[in-house]
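Take a look at the structure below.
The values are calculated or read from the model by the stated rules, or taken from the named source; none is laboratory data. Remember, predicted model here, so these are calculated numbers, not experimental data. No Cβ is skipped: glycine too gets one built from the backbone with ideal geometry, and neighbour counts run over all protein chains shown.
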Amino acid sequence: MRKMIAAGNWKMNTTLEEGKLLIKNILDGLMENPPRQQAGELEVIFGVPYITLPMASTMVKENPQVHIAAQNCYNKEKGAYTGEISVDMIKSTGAEYVIIGHSERREYFNENADMLAQKVDLTLSRELIPIFCCGEKLEIREAGNHFDVVKQQIEGSLFHLDADAMKKVVIAYEPIWAIGTGVTASPGQAQEMHAHIRRLLVNKFGKELADDISILYGGSVNAKNANELFLQPDVDGGLVGGASLKADDFITIINSF
Ligand code: 13P
């Protein structure tokens, strides 16, 4: 069954102390305002900085609905890669998800389709779940090439997987022009792209598998627009940046399904 997911991507924000307080406030808020959906139907994910992973994993242990994600991993198993983080290290913290291919990583750290495919493979090999990000720049959309670009991103880093591996992957569509800009994709624009992504999955892996894959929308999701976006038939949740750093807003987003 396709899961609904409210995932926060904290990016390079929060010290350990700030992270602890934010998690505590969100967990307390969820106790007061529990989501209507059960664990297994709706998952909440905090994508925290590396240093926060062990503490965050411990803090959410009692709540089966809440899980922890790393925001990246390295595309090699181990060795002389000073400053990088391996999937084994992430696994050892108790985290369960890894965000892969965020547009900020593609742009500032030159991550390409092959590297991302390696990260997806390594993540799955450790039974971590990749949240694979795709999305187009504004000029690509203006030129009308957004469907093709997203297709290339998905084919280039995911379509080497077999069906067993693919069905574990979560996809996040994050149009770059909507990230951190306050300009959200309209529900219609999000639905149209999510339906396109699902069609690609149907063609490659069949309808049953495609129907089970969660496709999240990211890009200026907030407490006001989440409900309308999540109502779209192919939008299975959100990957939320700025608004995931405010406990009240993120709780409202979680309760928007
Ligand atoms: P904002 O919600 O701040 O636009 O960020 C979206 C994002 O990049 C999540 O990964």
Taking segment 120-131 and keeping residues in contact (Cβ under 8 Å) with a residue 40 or more places away in the chain, in a helix (DSSP H, G or I) and closer than 18 Å to residue 92 by Cβ leaves 122, 123, 124
Within segment 207-228, restricting to residues that are free of Cβ contacts under 8 Å to residues at least 24 places away in the same chain and more than 16 Å from the ligand (Cβ to nearest atom), the one that is nearest to residue 244 (Cα to Cα) is 210
Inset, instruction - Would you be able to say whether some residue in segment 126-137 is of a type outside the set (A, V, I, L, M, F, W, C), surrounded by fewer than 21 Cβ atoms within 10 Å (Cβ to Cβ) and within 16 Å of the ligand (Cβ to nearest atom)? - result: yes
Scanning segment 172-207 for residues that are within 22 Å of residue 107 (Cβ to Cβ) and not in a helix (DSSP H, G or I) gives 172, 173, 174, 175, 179, 180, 181, 182, 183, 184, 185
Every listed condition ((1) away from the ligand (no atom under 14 Å from the Cβ); (2) not small (Gly, Ala, Ser); (3) not in a loop (DSSP other than H, G, I, E, B)) holds for residue 253 save (1)
Filter segment 141-162 for residues that are among the polar types (S, T, N, Q) and in a helix (DSSP H, G or I); the one that is nearest to the ligand (Cβ to nearest atom) is 153
When every residue in segment 1-15 that is assigned to a loop (DSSP other than H, G, I, E, B) and of a type in the set (Val, Ile, Thr) is compared, the one farthest from the ligand (Cβ to nearest atom) is 15
Checked segment 187-207 for anything crowded, with 19+ Cβ neighbours inside 10 Å and among the β-branched types (Val, Ile, Thr); matches are 197
Picked from segment 38-59 (must be of a type outside the set (Ser, Thr, Tyr), at pLDDT 95 or above and surrounded by fewer than 22 Cβ atoms within 10 Å (Cβ to Cβ)), the residue nearest to residue 12 (Cα to Cα) is 49
Expected single match for assigned to a helix (DSSP H, G or I), surrounded by fewer than 24 Cβ atoms within 10 Å (Cβ to Cβ) and within 12 Å of the ligand (Cβ to nearest atom) among 165, 243 is 243
Reported set for segment 63-80 where residues are of a type in the set (S, T, N, Q) and within 13 Å of the ligand (Cβ to nearest atom) is 71, 72
Taking segment 81-112 and keeping residues charged (D, E, K, R), buried (at least 18 other Cβ atoms within 10 Å of the Cβ) and within 13 Å of the ligand (Cβ to nearest atom) leaves 104, 105, 106
